[in-house]
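The structure appears below as structure tokens.
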Amino acid sequence: MLSAEVLRDGGILIVPLLLLSVAVVAVGIDRLRFWWRWHQSGMGRLQALLSEFNGLTASQAALHQERLCKRLERSLSRWDGCLDLAIVLGPLLGLLASIVGLIRLLDELGPDLLLPARSADLLSAYGQVLVGTVLGLSIALIALLVQKLCRMQRQAVLAGFADNCFAKRAALT
């Protein structure tokens, strides 16, 4: 489907789409590795953070919990902005590539819009016009999937941490 010839004929906007796709896959792999390591040693990190509540008053513990939750959320939401950008930019670049390809195709048909002698050439040209859209939507789909999975993991970790903090604070009073 996405052969080298089709990508070459897709136009100059295929290059940023391919770079964006590489970036999305790299972020996905980074997040997969991060969450794999988190499940291996993350609970130990959370226990270390909870031990910081020892010796604090209830009001100090509430403030400390808020600070820790914000710091933990920042560390768990790395690359979210890049994924947001890819979700929006992928389809827009794909649509722009398709429009540029369609303009090029209409230019080849001429002012009278005469069909070429071989209709297979026309079908091939239409297929190449849509490559940008397919690639852009594929990028957005993968970025959205990675982002949603990471957000679900982050919410689960933060909810568990907040519950443990409330239990620790209740023990202080």
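When residues of the range 138-162 are filtered for being under 12 Å from the mean Cα position of the chain (by Cα) and either open to solvent by 40 Å² or more (accessible area, probe 1.4 Å) or polar (S, T, N, Q) (or both), how many remain? Break it down stepwise before answering.
Within the range 138-162, the subset under 12 Å from the mean Cα position of the chain (by Cα) is 138-151.
Adding the requirement that they be either open to solvent by 40 Å² or more (accessible area, probe 1.4 Å) or polar (S, T, N, Q) (or both) leaves 138, 141-142, 144-145, 147-149, 151.
Residues flagged as under 12 Å from the mean Cα position of the chain (by Cα) and either open to solvent by 40 Å² or more (accessible area, probe 1.4 Å) or polar (S, T, N, Q) (or both) within the range 138-162 amount to 9.
Could you count how many residues in the range 66-95 are farther than 30 Å from Val134 by Cβ and of a type outside the set (Asp, Glu)? Even if it seems obvious, please write down each step before you answer.
First pass over the range 66-95, keeping only residues farther than 30 Å from Val134 by Cβ: 66-76.
Subsequent filtering for residues that are of a type outside the set (Asp, Glu) retains 67-72, 74-76.
Qualifying residue count for the region: 9.
For residues that are surrounded by fewer than 17 Cβ atoms within 10 Å (Cβ to Cβ) and of a type in the set (Val, Ile, Thr), tally how many sit in the range 26-49.
1
So if I check each of Val146, Val88, which one is modelled with pLDDT of 90 or more and over 29 Å from Gln40 (Cα atoms)?
Working: Val146 fails: over 29 Å from Gln40 (Cα atoms).
Step by step, each of Val146, Val88 is checked, and only Val88 is modelled with pLDDT of 90 or more and over 29 Å from Gln40 (Cα atoms).
In the range 50-74, what residues are part of a helix (DSSP H, G or I), open to solvent by 30 Å² or more (accessible area, probe 1.4 Å) and aliphatic (A, V, I, L, M)?
Correct list: Ala58, Ala62, Leu63.
The values are calculated or read from the model by the stated rules, or taken from the named source; none is laboratory data. What you see is a predicted model, and the numbers here were worked out from it, not measured in a lab. In this analysis, Cβ positions are derived from the backbone assuming ideal geometry, glycine residues included, and neighbour counts consider all displayed protein chains. For the accessible areas, the whole protein counts, side chains as well, though only heavy atoms, and no ligand, DNA or RNA atoms are used. Shrake-Rupley method; radii C 1.70, N 1.55, O 1.52, S 1.80 Å.
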